[in-house]
1. Does Thr44 meet the test of being touching a residue at least 60 places away in the same chain (Cβ under 8 Å), open to solvent by 40 Å² or more (accessible area, probe 1.4 Å) and hydroxyl-bearing (Ser, Thr, Tyr)?
2. Please identify the pairs in which a residue from region 114-140 that is touching a residue at least 40 places away in the same chain (Cβ under 8 Å) has its Cβ atom under 9 Å from the Cβ atom of a residue that is acidic (Asp, Glu) and surrounded by fewer than 13 Cβ atoms within 10 Å (Cβ to Cβ), counting only partners at least 6 apart or on another chain.
3. Got a number for residues in region 47-75 being of a type in the set (Phe, Trp, Tyr) and either open to solvent by 10 Å² or more (accessible area, probe 1.4 Å) or touching a His at 6+ places or on another chain (Cβ under 8 Å) (or both)?
4. Among (1) outside any helix (DSSP H, G or I); (2) polar (S, T, N, Q); (3) surrounded by fewer than 15 Cβ atoms within 10 Å (Cβ to Cβ), where does Asn3 come up short?
5. Taking into account only those residues within region 76-91 that are in a helix (DSSP H, G or I) and open to solvent by 30 Å² or more (accessible area, probe 1.4 Å), which is nearest to Ala191 (Cα to Cα)?
6. Against the condition open to solvent by 20 Å² or more (accessible area, probe 1.4 Å) and within 17 Å of Ala200 (Cα to Cα), how does Val35 come out, does it pass?
7. Being assigned to a helix (DSSP H, G or I), open to solvent by 30 Å² or more (accessible area, probe 1.4 Å) and at pLDDT below 80: is that true of Val276 here?
Amino acid sequence: MDNVIALTASGIASGAVLAIAALGFLVLHNATGVVNFAHGDLITLGAYLGVWATTDLGLPVLPGYLLALLVMAAVGLLIERTAFAPLRKKPLIVVVIATLAAATVIRGLIAVWQGSTPKTLPSPAGDGALRIAGATIAHQRLLIVAVAAVAVVALLLLFGRTSFGRQVRALATDPDTARLQGVRTKAIGMAAFVISSVLAGLAGLLVAPLGAVDLNLGFGLMITAFAAAVLGGFGSLTGVVLGALAIGLIEQLVGGLLFPSYSTMLAPIVLFLVIVFRPQGLVNVTRSRL
């Protein structure tokens, strides 16, 4: 029983991180139509920036994390200006290739800057753990769930109650009509890249204290987050969150109990099955929107 509780807690925490990463995909896709395949390396960069701020600069953990997120916002803007804005009128495949090139550049720069030796990132929650019914749950996992809940609520308010959110929803529903109605697509695209990059950095900062920080940290998380976004429908914020939680629980609970050696393979299998049998995802939306 204690094993089930521990795995369930791990699954919820894993799903919460996936939700943050997948929402970064969703925000950018709805605002620009682009799936950013540099997202995984942005997650890695966020973790390394946290290490740099807290270890190299010696800042306290929370100010270090905040500095890392501010740098991530600047990186997102830089990617938009260099890999998207000049290609705005090019075919979508050209933009996707540009994001792959950006991923390669980011990974190469990280390798030159920090080397290939794994790093450790301190957690604001410390190294303690909570015991529930004999199960040990790390404080970091509880922090992940709390931060993810705040991030999801903030995004719901942003896209449901603000002019920016209404413009993004308009672009997601009918881009041409939205442009004719005066929606400033360039400004929305810049903001979307910044938000997406910050969410990627936040995911990296949250997951890094649970293990080592290396160059491959974000790649697997990106693939799993993409699977969660597809499972959730890629057009619904609520659906993406539900998809992320489902993937997290499947990997940790089902994989941990039944297939402990193959748990990381479950997300790609789920992605394949969803594409084949229910390509619209968990939440059936007739038009792509948040």
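1. The answer is no for Thr44.
2. Ile132/Asp2; Ala133/Asp2; Gly134/Asp2; Ala135/Asp2; Thr136/Asp2; Ala138/Asp127; Gln140/Asp127
3. Filtering region 47-75 for residues of a type in the set (Phe, Trp, Tyr) gives 48, 52, 65.
Still in the running and either open to solvent by 10 Å² or more (accessible area, probe 1.4 Å) or touching a His at 6+ places or on another chain (Cβ under 8 Å) (or both): 52, 65.
Summing the residues that are of a type in the set (Phe, Trp, Tyr) and either open to solvent by 10 Å² or more (accessible area, probe 1.4 Å) or touching a His at 6+ places or on another chain (Cβ under 8 Å) (or both) in region 47-75 gives 2.
4. Asn3 satisfies every listed condition except (1).
5. Among residues in region 76-91 that are in a helix (DSSP H, G or I) and open to solvent by 30 Å² or more (accessible area, probe 1.4 Å), the one nearest to Ala191 (Cα to Cα) is Leu77.
6. Answer is yes for this residue.
7. So Val276 passes the test.
The values are calculated or read from the model by the stated rules, or taken from the named source; none is laboratory data. Quantities reported herein were computed from a predicted structural model and do not represent experimental measurements. Cβ coordinates were reconstructed from backbone atoms using ideal geometry, including for glycine residues, and neighbour counts include every protein chain displayed. Heavy atoms of the whole protein, side chains included, go into the accessibility calculation; ligands, DNA and RNA do not. Shrake-Rupley method; radii C 1.70, N 1.55, O 1.52, S 1.80 Å.
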